[in-house]
Amino acid sequence: MKSLESSKVVSSSDFEVNRTGTEVAENAGKMVLKSDGHVTKDGSVDLRGRPAIRELTGGWVSGILLLLNQGLVMLAFFGVGVNLVLFLTRVMQQGNAAAANSVSKWTGTVYIFSLVGAFLSDAYWGRYKTCAIFQAIFVVGLLLLSLCSSLFLIRPSGCGNEALKCRPHTSWENGLFYLSIYLIALGNGGYQPTIATFGADQFDEEDPKESHSKLSFFSYFYFALNLGSFFSNTILAYFENSGSWSLGFWTSTGSATLALLLFLAGTFRYRHFKPSGNPLPRILQVFTAAARKWHVDVPMSGEKLYELAGNESAISGSRKILHSDDFRFLDKAATVTPSDLTLETGKTDPWRLCTVTQVEEVKCVIKMLPIWLCTILYSVVFTQMASLFVEQGAAMNTKIAGFQIPAASMSAFDILSVLVFIFVYRKALTPLAARFTGNPRGLTELQRMGTGLVIGMLAMVAAGVVELARLSKVNSASAEGSSLSIMWQIPQYSLIGASEVFMYVGQLEFFNGQAPDALKSFGSALCMASISFGNYVSSWLVSIVMWITTMKHSPGWIPGNLNHGHMDRFYFLLAGLSVVDFVVYLLCAKWYNYMSFGSHIIGEEDQEQESEPIRLPESV
């Protein structure tokens, strides 16, 4: 049985030769490339939609601009987020519980908007336009927050520190404040999953040298993210904590504006991939076609399934995905039957017959979901750094050489660990792992993520041990906390930082590399969605634990006064759950089969194949 082929015919008269010597066949608005080495091999285009010339586009020139952009955006974002709960309590005069809930809702909204940005990027706008629009929204939100804080909220001037109380605010002032912070959430959320993928687009993965640079980019991307947040968590946090809110917000606004200008400066240098349309109908078509053919036998050979001839995919701007044996019931959607071709029009009905690439796109999403689900519990571990670690630190001796160390500032050790460990991994661990595995990249993405799960589990064990030591140093006759120094928290923060390098950088590489071309931003959005669900699961888990442990009038594991509780048991519980999660992850990783993609380049043989008109297979 032959595959159904395209009904369009590309003749020799359709070819033109551009100034770079690249032959371009233009048929029905599609570009078919025959590269002479000057253009990229991955199908990327320049700003005008022409094949991207390697020497004039992309590479580290574009990559460095985007890394600087990411660092500045993160400085601006965390300049607001790191002390938002204090701003709500000191300036907006909310209670602790109300402020914590407001921050949780705001943070969750950021991650929800990441899915919106990923969808618009993949389906309609493309990554450049999506990044530009959402960054502009981000700047507008920061500008509005800076203006309304300076003019209306911080009154009397200098209020917002622990000494001077701010006046009550009117309903429209509160409304202006919430409008500004949710514009910030929309702008940052829509930008984040897209910028990582757009940065990876600047490197041709079908070129050996640029392919290696593409993998390095994700590590440097996470480095830039943490470097920007480090400045916010230290310098900006210090000024804002002392009441200089306007200075902190205006600094964030200036940083975001500079980031946008740097991004726009590279406009003519960037490489682009065209959006591929709404993926939801394509996914529904596969399930519908498979359901209609539930009793049809699938051919044993994947070569007998329906696919367009040549290397051009039916999904605009995407490579073909080679057939896999996973979820073979979905192959029914690509199995050809006599009723699949309408002879009057010569066209197929996509709700009855789908290409192999379209079916494999759905398989890819299904296969990634178990891996993604296993990362959620790691995110539960990760979120403790911003909640229970801080509460634990606040109940310890925070005086070092006469200075009062804010418990929240201990997260600087996490950031430092990330910054150091990225270089340690790239320069030392990767070559060492390559010797033992035979893989020049050291560990695979799945192996790195598994390593991150193990280190995260060790961080919970370390936190539990420190909590036991803290409780042993509590003076029962005093209402104060433990005499154990807060510096004992350094190991648990450092282990979390090391685990991030393995888990989150590995996640970025895995989901970006394994996601179909038409869903690249969606792959990056999964990383942020993992953190979002981790926050929700953590909140749910704490509520369940407290409900169980407060029975019979017990103070519970995590009471208001930690000296009366057993937070160490909660840490050990998370460590135990991490072990279970790791076992499940190993099974999922062993089951997972990596996707195989075709090439963007169409050679002479493919051109000849595409010149044949579509016809019914002889056996049908």
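Consider the range 574-585. How many of its residues are in contact with a helix residue (DSSP H, G or I) (Cβ under 7 Å, 6 or more places away or on another chain) and open to solvent by 30 Å² or more (accessible area, probe 1.4 Å)? Before you say what the answer is, go through the steps one by one.
Applying the first criterion (in contact with a helix residue (DSSP H, G or I) (Cβ under 7 Å, 6 or more places away or on another chain)) to the range 574-585 yields 574-575, 577-579, 581-582, 584-585.
Then drop every residue that is not open to solvent by 30 Å² or more (accessible area, probe 1.4 Å), which leaves 577, 579, 582, 584.
Of the residues in that region, 4 qualify.
For the range 586-614, the set of residues classified as among the hydrophobic types (A, V, I, L, M, F, W, C) and either modelled with pLDDT under 70 or open to solvent by 30 Å² or more (accessible area, probe 1.4 Å) (or both) consists of 586, 587, 591, 597, 601, 602, 614, listed by residue number. Filtering the range 283-305 to residues that are open to solvent by less than 40 Å² (accessible area, probe 1.4 Å), part of a helix (DSSP H, G or I) and modelled with pLDDT under 90 leaves only 302. Condition check: over 16 Å from the mean Cα position of the chain (by Cα) and open to solvent by 10 Å² or more (accessible area, probe 1.4 Å). Does residue 135 satisfy that? The answer is no for residue 135. Summed over the range 363-408, residues that are outside any helix (DSSP H, G or I) and under 29 Å from the mean Cα position of the chain (by Cα) total 1. Scan the range 554-573 for residues that are out of contact with any Phe, Trp or Tyr (no Cβ under 8 Å at 6 or more places or on another chain) and either open to solvent by 60 Å² or more (accessible area, probe 1.4 Å) or outside any loop (DSSP other than H, G, I, E, B) (or both) and the total you get is 10. Scanning the range 37-73 for residues that are open to solvent by 10 Å² or more (accessible area, probe 1.4 Å) and either among the aromatic types (Phe, Trp, Tyr) or not in a loop (DSSP other than H, G, I, E, B) (or both) turns up 45, 51, 53, 59, 60, 61, 64, 65, 67, 68, 71, 72. Answer yes or no as to whether residue 394 is open to solvent by 10 Å² or more (accessible area, probe 1.4 Å) and free of Cβ contacts under 8 Å to residues at least 40 places away in the same chain. In short, no. The one condition from (1) surrounded by 22 or more Cβ atoms within 10 Å (Cβ to Cβ); (2) among the polar types (S, T, N, Q); (3) under 19 Å from residue 107 (Cα atoms) that residue 174 does not meet is (1). The one condition from (1) among the aliphatic types (A, V, I, L, M); (2) under 24 Å from residue 266 (Cβ atoms); (3) out of contact with any Pro (no Cβ under 7 Å at 6 or more places or on another chain) that residue 118 does not meet is (3). Of all residues in the range 119-138, at least one satisfies being at pLDDT 85 or above, within 21 Å of residue 173 (Cα to Cα) and not basic (Lys, Arg). Taking the criterion of being assigned to a helix (DSSP H, G or I) and open to solvent by less than 50 Å² (accessible area, probe 1.4 Å), the residues of the range 429-453 that qualify are 430, 433, 434, 445, 446, 448, 449, 450, 451, 452, 453.
When residue 387 is tested against the conditions (1) open to solvent by less than 50 Å² (accessible area, probe 1.4 Å); (2) more than 30 Å from residue 558 (Cβ to Cβ), the lone failure is (2). Checked against (1) closer than 30 Å to residue 361 by Cα; (2) assigned to a helix (DSSP H, G or I); (3) open to solvent by 40 Å² or more (accessible area, probe 1.4 Å), residue 191 passes all but a single condition, namely (3). Applying a threshold of 8 Å to beta carbon distances and a minimum spacing of six or more residues, or different chains, the list of pairs starting in the range 416-440 at a residue that is over 20 Å from residue 500 (Cα atoms) and ending at one that is of a type in the set (Lys, Arg) and open to solvent by 60 Å² or more (accessible area, probe 1.4 Å) reads 434/441. For residue 446, indicate whether it is in contact (Cβ under 8 Å) with a residue 24 or more places away in the chain and either out of contact with any strand residue (DSSP E or B) (no Cβ under 8 Å at 6 or more places or on another chain) or among the basic types (Lys, Arg) (or both). So residue 446 passes the test. Among the residues in the range 486-503, are any of a type in the set (Gly, Ala, Ser), open to solvent by 10 Å² or more (accessible area, probe 1.4 Å) and either within 16 Å of the chain's Cα centre (by Cα) or more than 22 Å from residue 219 (Cβ to Cβ) (or both)? The answer is no, given that none of the residues of the range 486-503 is of a type in the set (Gly, Ala, Ser), open to solvent by 10 Å² or more (accessible area, probe 1.4 Å) and either within 16 Å of the chain's Cα centre (by Cα) or more than 22 Å from residue 219 (Cβ to Cβ) (or both).
The values are calculated or read from the model by the stated rules, or taken from the named source; none is laboratory data. All values reported here derive from a predicted model rather than from experimental measurement. Every residue, glycine among them, receives a Cβ derived from its backbone with ideal geometry; neighbour counts consider all protein chains shown. Heads up: the accessible areas ignore ligands, DNA and RNA and are worked out on the full protein's heavy atoms, side chains in. Shrake-Rupley method; radii C 1.70, N 1.55, O 1.52, S 1.80 Å.
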